[in-house]
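Reading through the structure tokens given below for one structure.
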Amino acid sequence: MAPSFDNETSLINFDVRDGNGVKGTVDLGISKVPQAYIQPPAEQINKKHASKCPDHDEVVNQIVRAVETLGFFQVVNHGVPIELLDSLKQTAHNFFGLPPERKSVYRKEVSPSPLVKDVALQYLKTSHEMVRKLLEALLGNLGAELDDSKIDGFIGKKMVNMNFYLTCPNPELTISVRHHSNMDTLTILLQDGIGGLYIKVPQDVNMEKKGEWVEIPPISGALIINISDMLQIWSNGRYKSAEHIVHTTSTKSRVSIPIFTTHNQHKRLHHYPKWWRKMEQLVIKNFCFQIT
């Protein structure tokens with residue numbers, strides 16, 4: 001049973017005088033905000049009525065244009081500290097530089113390495129708000145009415161990978177990762193300054209022709225956003241989940257660190273008709289999705 005405080009004085013004594021703080025109150029299992037902490041209506045903030053920044057609509061338009069044509073774009077000023085991004089890349093190099101016998105004890109079926117766990121969890125935490133804002137913009141553009149719980153449902157489970165690519169004596173003869181598209185909803189990729197990520201242009205855009213391979217150049221401090229298969233399905237093909245590959249290099253080993261956002265498995269997937277009432281035909285049919 002959740003605790004209750006008889007009056008404001010008893011609550012303040014528990015939090016302040018006894019040194020428990022607000023966290024101590026929360027840890028007791030309270031089910032609602034104590035009256036002492038409820039702000040007057042005039043000082044409460046309703047997110048639905050909050051003003052957007054002057055450039056918000058233009059930024060959304062730029063994002064939409066990118067995902068409707070290429071399916072990829074890069075973001076800066078994303079809220080993830082640059083120091084954390086640098087630490088992620090260095091941690092990946094440190095881990096993959098370990099002797100094979102030390103690395104082999106860490107597998108997906110066992111446990112994450114303590115060498116990378118803390119920084120990976122911090123990355124997931126600090127990038128969460130950016131992911132929410134991106135999905136809010138993309139789904140809102142389709143006409144979806146969203147609240148926090150719905151956005152969290154679209155984000156689903158998040159997973160961090162750390163990829164390591166060795167140097168190759170003949171990079172022109174092979175590739176590091178074959179062409180593919182990602183099966184998740186949205187992929188957030190941190191690449192280092194070496195580069196090597198190429199996308200297959202989904203349709204003619206500017207000077208690029210459909211089917212051509214175009215490099216996504218490294219930008220210091222930027223994160224690459226990749227529309228994935230699930231978002232292409234939900235948008236009825238409007239947003240593009242582009243094929244991409246990773247080329248090898250002869251100069252220096254490289255790392256890349258993606259976050260995958262994956263909806264619940266064993267779920268029937270489909271476009272959302274109420275977002276697409278003006279569509280004359282459906283591009284993508286319903287189907288079941290399962291990772292095996």
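Hey, any hits in region 78-91 for a residue that's in the same structural domain as P258 (by TED's automatic domain parsing), among the β-branched types (V, I, T) and surrounded by fewer than 17 Cβ atoms within 10 Å (Cβ to Cβ)? So far as region 78-91 goes, yes, one or more of its residues are in the same structural domain as P258 (by TED's automatic domain parsing), among the β-branched types (V, I, T) and surrounded by fewer than 17 Cβ atoms within 10 Å (Cβ to Cβ).
The rows are residues; the columns are (1) of a type in the set (S, T, Y); (2) under 24 Å from the mean Cα position of the chain (by Cα).
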position: S181; (1), (2): yes, yes
position: L186; (1), (2): no, yes
position: K200; (1), (2): no, yes
position: K209; (1), (2): no, no
position: V214; (1), (2): no, yes
position: S220; (1), (2): yes, yes
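Would you please list the contacts, defined by Cβ atoms under 9 Å and residues six or more apart or on different chains, that run from a residue in region 118-143 that is within 16 Å of G79 (Cα to Cα) to a residue that is assigned to a helix (DSSP H, G or I) and among the aromatic types (F, W, Y)? Between residues of region 118-143 that are within 16 Å of G79 (Cα to Cα) and residues that are assigned to a helix (DSSP H, G or I) and among the aromatic types (F, W, Y), the close pairs are L135/F154. Criterion applied to P54, P34 was being farther than 26 Å from T126 by Cα and modelled with pLDDT under 95, and the one residue passing it is P34. Highlighted here are the helices (runs of 4 or more DSSP H) found entirely within region 58-168 that include at least 3 residues which are of a type in the set (G, A, S): 114-141.
The values are calculated or read from the model by the stated rules, or taken from the named source; none is laboratory data. Just so we're clear, the structure is a prediction, and the values are computed from it rather than from any experiment. Reconstructed Cβ throughout: ideal geometry from the backbone, glycine too, with neighbour counts over all protein chains shown.
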